[in-house]
């Protein structure tokens, strides 16, 4: 378990979201307004090197007039008006551990395994949010390492939408489900850092259609 100290209470927490696709952009849209009405000020860093494309519009928090813009600049322009949250855009990929040294809390919501491994080994409080179709999975820095290592690795990008779903207008909402879980995790971690006794969501996975799955190292079962 990651412990916060009195020094964390005295300064603004630095929170990083790596990946601003379906999950990351949705999580940003949930977290920023929620933080703006609270009593805690944070710095929220948004990291992604992609531009907004037409096929993003159906399931990511972008609009048609933003096509061609960088994702970080689009979200910065939208959310920098909120109080209590300083938005810092970082238009780059996560490729090495040194990029994570300054952060207290890290959200990784990417479609490749290498950035996930970098975050997992950072020693920070982290949450790893994944989805495909209407399925979703959430791991965090308190999840048993045997569970974290047991999942297949994605060396190539894997879309959160099933093949053909965007063209057919059959958008699947696993990304929204896991973004909500991630937003709950982030806000409760922030409250913990300020001495509040609370709980965060734990490792979970499931499908919107079939329900939550119970996991053991021996296999999966639906509830």
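The values are calculated or read from the model by the stated rules, or taken from the named source; none is laboratory data. Computed from a prediction, not measured in an experiment: that's the story for all the values here. When we count neighbours, we look across all protein chains shown, and the Cβ atoms used for this are built from the backbone with ideal geometry, even at glycine.
Looking only at the stretch 150-201, how many residues end up being in a helix (DSSP H, G or I) and within 12 Å of residue 133 (Cα to Cα)?
First pass over the stretch 150-201, keeping only residues in a helix (DSSP H, G or I): 165-168, 174-193.
Those left that are additionally within 12 Å of residue 133 (Cα to Cα): 165-166, 174-178.
Residues flagged as in a helix (DSSP H, G or I) and within 12 Å of residue 133 (Cα to Cα) within the stretch 150-201 amount to 7.
What pairs come up if the first residue lies in the stretch 160-183 and is crowded, with 21+ Cβ neighbours inside 10 Å, the second is in a loop (DSSP other than H, G, I, E, B) and modelled with pLDDT under 85, and their beta carbons are under 7 Å apart, counting only those six or more places apart or on different chains?
172/161; 172/162; 174/160; 175/160
Go through the stretch 55-88 and give me each residue that's touching a residue at least 12 places away in the same chain (Cβ under 8 Å), closer than 20 Å to residue 40 by Cα and touching a strand residue (DSSP E or B) at 6+ places or on another chain (Cβ under 8 Å).
Within the stretch 55-88, 76, 79, 84, 85, 86, 87, 88 meet the criteria.
To keep it simple, each residue is scored yes or no on (1) under 16 Å from the mean Cα position of the chain (by Cα); (2) closer than 19 Å to residue 139 by Cα; (3) modelled with pLDDT of 95 or more; (4) surrounded by fewer than 15 Cβ atoms within 10 Å (Cβ to Cβ).
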| residue | (1), (2), (3), (4) |
| --- | --- |
| 8 | no, no, no, no |
| 41 | no, no, no, yes |
| 78 | no, no, yes, no |
| 86 | no, no, yes, yes |
| 96 | no, no, yes, yes |
| 104 | yes, yes, yes, no |
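For residue 119, state whether it is part of a helix (DSSP H, G or I), closer than 23 Å to residue 96 by Cβ and touching a strand residue (DSSP E or B) at 6+ places or on another chain (Cβ under 8 Å). Don't jump to the end; show me each part of the working.
Details: part of a helix (DSSP H, G or I): yes; closer than 23 Å to residue 96 by Cβ: yes; touching a strand residue (DSSP E or B) at 6+ places or on another chain (Cβ under 8 Å): yes.
Spelling it out, residue 119 is indeed part of a helix (DSSP H, G or I), closer than 23 Å to residue 96 by Cβ and touching a strand residue (DSSP E or B) at 6+ places or on another chain (Cβ under 8 Å).
Can you spot a residue in the stretch 83-99 that is assigned to a strand (DSSP E or B) and closer than 17 Å to residue 189 by Cβ? Write out each step before concluding.
Going residue by residue through the stretch 83-99, those that are assigned to a strand (DSSP E or B) are 85-90.
With closer than 17 Å to residue 189 by Cβ added as a condition, the list becomes 85.
Yes, the stretch 83-99 contains at least one residue that is assigned to a strand (DSSP E or B) and closer than 17 Å to residue 189 by Cβ.
Within the stretch 51-76, track down each residue that is surrounded by 17 or more Cβ atoms within 10 Å (Cβ to Cβ) and in a loop (DSSP other than H, G, I, E, B).
The answer is 52, 59, 60, 61, 62.
Against the condition within 24 Å of residue 133 (Cα to Cα) and either in contact with a helix residue (DSSP H, G or I) (Cβ under 8 Å, 6 or more places away or on another chain) or modelled with pLDDT of 95 or more (or both), how does residue 62 come out, does it pass?
Considered against the rule, which asks whether it is within 24 Å of residue 133 (Cα to Cα) and either in contact with a helix residue (DSSP H, G or I) (Cβ under 8 Å, 6 or more places away or on another chain) or modelled with pLDDT of 95 or more (or both), residue 62 comes out as yes.
I'm trying to understand the selection: among the residues of the stretch 8-50, which are over 14 Å from residue 176 (Cα atoms) and part of a loop (DSSP other than H, G, I, E, B)? First the steps, then the outcome.
Pass one, the stretch 8-50, residues over 14 Å from residue 176 (Cα atoms): 8-19, 32-50.
11, 12, 19, 37, 38, 39, 40, 41, 48, 49, 50, listed by residue number.
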